[in-house]
1. Express in nm, to one decimal, how much length is gained between K149 and R69 on full extension, taking 0.36 nm for each residue of separation and deducting their alpha carbon distance.
2. Under a plain spin-label model, where a point goes 7 Å from the Cα along Cα-to-Cβ, how far apart in nm are T168 and D2?
3. Could you tell me how far the Cα centroid of the range 125-161 sits from the Cα centroid of the range 76-115, in Å?
4. In deg cm²/dmol and to the nearest 500, what is the mean residue ellipticity at 222 nm of the chain if only DSSP H runs of at least 4 residues count, each as -39500 (n - 2.57), divided by the residue total?
5. Could you pull out every whole DSSP H run in the chain that spans at least 18 Å of Cα extent along its own axis and averages 0.0 or higher on the Kyte-Doolittle scale?
6. What are the lysines whose alpha-carbon lies under 30 Å from the alpha-carbon of K21, with same-chain residues fewer than 8 places away excluded?
7. Quote the charge dipole size of the range 3-65 about the Cα centre in Debye, to the nearest 20; the model charges only the Cβ of Lys and Arg (+1) and of Asp and Glu (-1).
8. Could you please rank M1, M154, placing first whichever residue has the fewest other Cβ atoms within 10 Å of its Cβ?
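Values quoted throughout were computed directly from the atomic coordinates according to the rules given, and no laboratory measurement underlies them. Predicted model only: the values in this text are computed from it and were never measured. When we count neighbours, we look across all protein chains shown, and the Cβ atoms used for this are built from the backbone with ideal geometry, even at glycine.
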Amino acid sequence: MDLFYLENIRDRVVIEGETYKHLRAHHIKTRDKIFFTNGKGLLATGKIVECMKQKIIVDVLEVKTMPPRDNKAILYTPILKQTERLDWLVEKTVELGVSELIPIITERTIKTTIKLTRLQNIIKYSSLQSLKFYFPHICEPIFFEEAIKNNIKMKRTICYCGTELEKTQFFDFLQPKEDIGIFIGPEGDFTIDEVNKAIYNGIIPVSLGKQRLRSETAAIVSLTIFAIKNNL
């Protein structure tokens, strides 16, 4: 099944713009069935009535509300210096099942801004490609000190490479069907002061293994473990 995006789902819709281009790229024709989501849980089945220049007319035959997943994974993501590395991190963690991305500004963060609209588009198309009916949310960056004080009722972890303190293996720590918050550090990792602040706020320091990983690799490894544990 190929999945396309449609913000407003009605009995009959006119497809234009980017979604029109994507449908045309799939060589659709009159009477073909197509599937849409609004990214908020709806799955619509439509039938193409007419293909015109610059627009397609679709009759919506059925609309279903898809059940949300039982648990969620919130990724507190670093803002990487190179835009394409952050793009890749976002794309792959969406495929693996991240529920929300919260960019954080830490002591060692060099670049403190993101291209929010660009990342929202990456999230949308990665969600469609991986057949997700609920698109993950991403916000503007927040400071680390603010981030460690939110979602306090959720089990939260901070991935850290340093050897100054005892850490739990993330794979052993994470249990199926539970919500999890995952802090991933920037280039150069978190400072020990930041880790201690996180611990003070109830966040558990964890290890992803013996090998030192780049920030985007650590994010993908942590979400891969989440996907495996939850059979995603």
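1. This chain segment gains 26.3 nm when fully extended.
2. Placing both labels 7 Å along Cα→Cβ, they lie 4.5 nm apart.
3. If you average the Cα positions of each part, the centres end up 10 Å apart.
4. -8500 deg cm²/dmol
5. Once both thresholds are applied, what remains is 215-229.
6. Reachable lysines: K29, K33, K40, K47, K53, K55, K64, K92, K115, K124, K132.
7. That gives a dipole near 140 debye.
8. M1, M154
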